[in-house]
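Shown next, in structure tokens, is the structure this report addresses.
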Amino acid sequence: MRNHQGRLIAALSVQFRDIDLAEDVLQDALAAALISWPKSGMPRNPEGWLYQTSKRKAIDRYRRSVTRREKMGSLAHQTQLDTMVNDEEPDEYQSIPDERLRLIFTCCHPALPTLAHTSLTLKTVCSLSTSQIAAAYLVSETAMAQRLVRAKNKIKKAGIPFIVPDADLWPERWKSVLGVVYLIFNEGYSSLDSKASIDLCEEAIRLGRILVRLLPDETEAAGLLALMLLTHARRPARLANPDVYISLEDQNRDLWEKASIMEGQNLLLTTLTKGKPQAYQIQAAISAIHCQASNYKDTDWHEISALYERLYVYEPTPVVLLNASVALSFAQSPATGLASLEFLGKSAKLETYQPYHAARADMLRRDGQNKQARQAYKRARDLSPSLQEQAYFTERLSQLGDTKAYRGSV
Amino acid sequence: MKYMLLIYGAENAAPAPGSPEFDPFMYGYFALSQELTNDGAMIAGEGLQDAETASTVTVRNGKIITRDGPFAETKEAMGGFYLIDCDNLDQAIAYAAKIPSATYGAIEIRPVMDYEQ
């Protein structure tokens, strides 16, 4: 049902150029359905019924506002009314146009604040309630409602269009849409709390599927979906014990979801035949190699190391170099990885970046430099945001014979 | 919809008259103004004298007070504007990006209040 609701909101928002109005009349139509359907039976095409009823509700509102001499801004100006009235024939079998792509571009418009991109996309395209989104982002419902209202006001008042952007704006806007979807995914992934009523990872995957279906030739959409599926597949092993942080190395690979891995791999293989892979496809390929390995040590680290080098072309960030160093430490030796990390540590500000210290600690331990490894683990623990991760590093410290490991930081 | 495109920049950031960049810079303005006129989007567009020529007027208790300035604390001052009429924000953004000063300063886009609504 939520999928249909997203399509309805999209079709109505694009038609009225007003998300608020679309949401309001769909609520009206749903209320009418609660009264009408039990009496006259479920219509053969419930979505068509809701779509037509919503449009009629909008016309009612428009007429009422005209009689009150309060013209409703966008409706009055967009001459949509004529087409809507002509449309008024209750053709409940008419298919609803899929306007979700336009709506996604509107919600992710760069003239809106970044925080609004994710919230508004979840609210409209994914049809989540304000309280569900508020809970997922750990803010109050009031704060989330205000954020949504401000964003919808800006769309209306600043004239942010409900269109798929032209070719000159496409690359920037498309990158931002994919970025918003991946941001939603990562927000879901980084929260170790699985008790939330909605799962942002699944919402992001749902959005990814919509993008792939609507734009089958955009290979990065498929790359992103594959990346999310392959990452998500490992989550049961990561969360096997919610009180403990379980690193990729220690995960029980039998818990990985085979169906998601298969789907992600197949999608990636099909996509890779279509042209030069870019950032999301390369990251998906890295994830696929992890999924193929039966354990951490048998991973094809040479291939992963090469892929990170290719990724660096698209994403020249210290984080990518850090991951490349880790791959190198397995593909060649911990000493090689450490040399590469040392170079990185000098050129980038990573002093407060926990994964840097965690990676360095592991390499030092594998290289037999226990004293330095202990210092690095302590630094990583001090920088860890969650109790689970702090416990993980405490455990590592005690394995290195640090009897003072449990006494807190250095 | 009507949009005000406010052109901001440090006054010495744009090419100086006589420099090799000056002619292309001015030509960019002529070309954009022509394009806006051809598209039927042009309402008005002007460049302003330097911020040091600005005066400020306030009326308090019926008294008119005139002062020199304002001199913004930042170096960025408003140097000109276009008032345009186009369909939506994306079109306004496309025009704003063609303002030669966008390369040196910044363009603020403000939708104009519509009292008919």
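For region A:145-161, how many residues meet the condition of being open to solvent by 90 Å² or more (accessible area, probe 1.4 Å) and within 14 Å of another protein chain (Cβ to nearest Cβ)?
Residues meeting the conditions: 1.
When the residues of region B:36-60 are filtered to those that are assigned to a helix (DSSP H, G or I) and open to solvent by less than 60 Å² (accessible area, probe 1.4 Å), the one that is modelled with the lowest pLDDT is B:A51. Residues considered: B:D39, B:D68. Of these, the only one that is charged (D, E, K, R), more than 14 Å from every other protein chain (Cβ to nearest Cβ) and more than 30 Å from A:K156 (Cα to Cα) is B:D68. Could you say whether any residue in region A:129-136 is surrounded by fewer than 17 Cβ atoms within 10 Å (Cβ to Cβ), out of contact with any helix residue (DSSP H, G or I) (no Cβ under 7 Å at 6 or more places or on another chain) and modelled with pLDDT of 90 or more? Yes: region A:129-136 contains one or more residues that are surrounded by fewer than 17 Cβ atoms within 10 Å (Cβ to Cβ), out of contact with any helix residue (DSSP H, G or I) (no Cβ under 7 Å at 6 or more places or on another chain) and modelled with pLDDT of 90 or more.
One residue alone among A:T142, A:T121 is more than 14 Å from chain B (Cβ to nearest Cβ) and open to solvent by less than 10 Å² (accessible area, probe 1.4 Å), and that residue is A:T121.
Would you check which residues across region A:42-59 are open to solvent by 30 Å² or more (accessible area, probe 1.4 Å) and farther than 16 Å from A:H4 by Cβ and list them? Selection gives A:R56, A:K57. For region B:75-93, residues that are open to solvent by 90 Å² or more (accessible area, probe 1.4 Å) and more than 14 Å from chain A (Cβ to nearest Cβ) total 1. The residue that is nearest to the other protein chains (Cβ to nearest Cβ), among those in region A:167-178 that are within 18 Å of the chain's Cα centre (by Cα) and without any contact (Cβ under 8 Å) to a residue 60 or more places away in the chain, is A:W174.
Within region A:208-235, the residues that satisfy the criterion of being within 14 Å of A:A259 (Cα to Cα) and not in a helix (DSSP H, G or I) are A:A233, A:R234. Please enumerate the residues belonging to region A:345-357 that are open to solvent by less than 20 Å² (accessible area, probe 1.4 Å) and assigned to a helix (DSSP H, G or I). Result: A:H357, single match.
The values are calculated or read from the model by the stated rules, or taken from the named source; none is laboratory data. Small disclaimer: the values here were computed from a predicted structure and weren't measured. Positions of Cβ are generated from backbone atoms using ideal geometry, with glycine treated the same way; all protein chains shown enter the neighbour counts. For the accessible areas, the whole protein counts, side chains as well, though only heavy atoms, and no ligand, DNA or RNA atoms are used. Shrake-Rupley method; radii C 1.70, N 1.55, O 1.52, S 1.80 Å.
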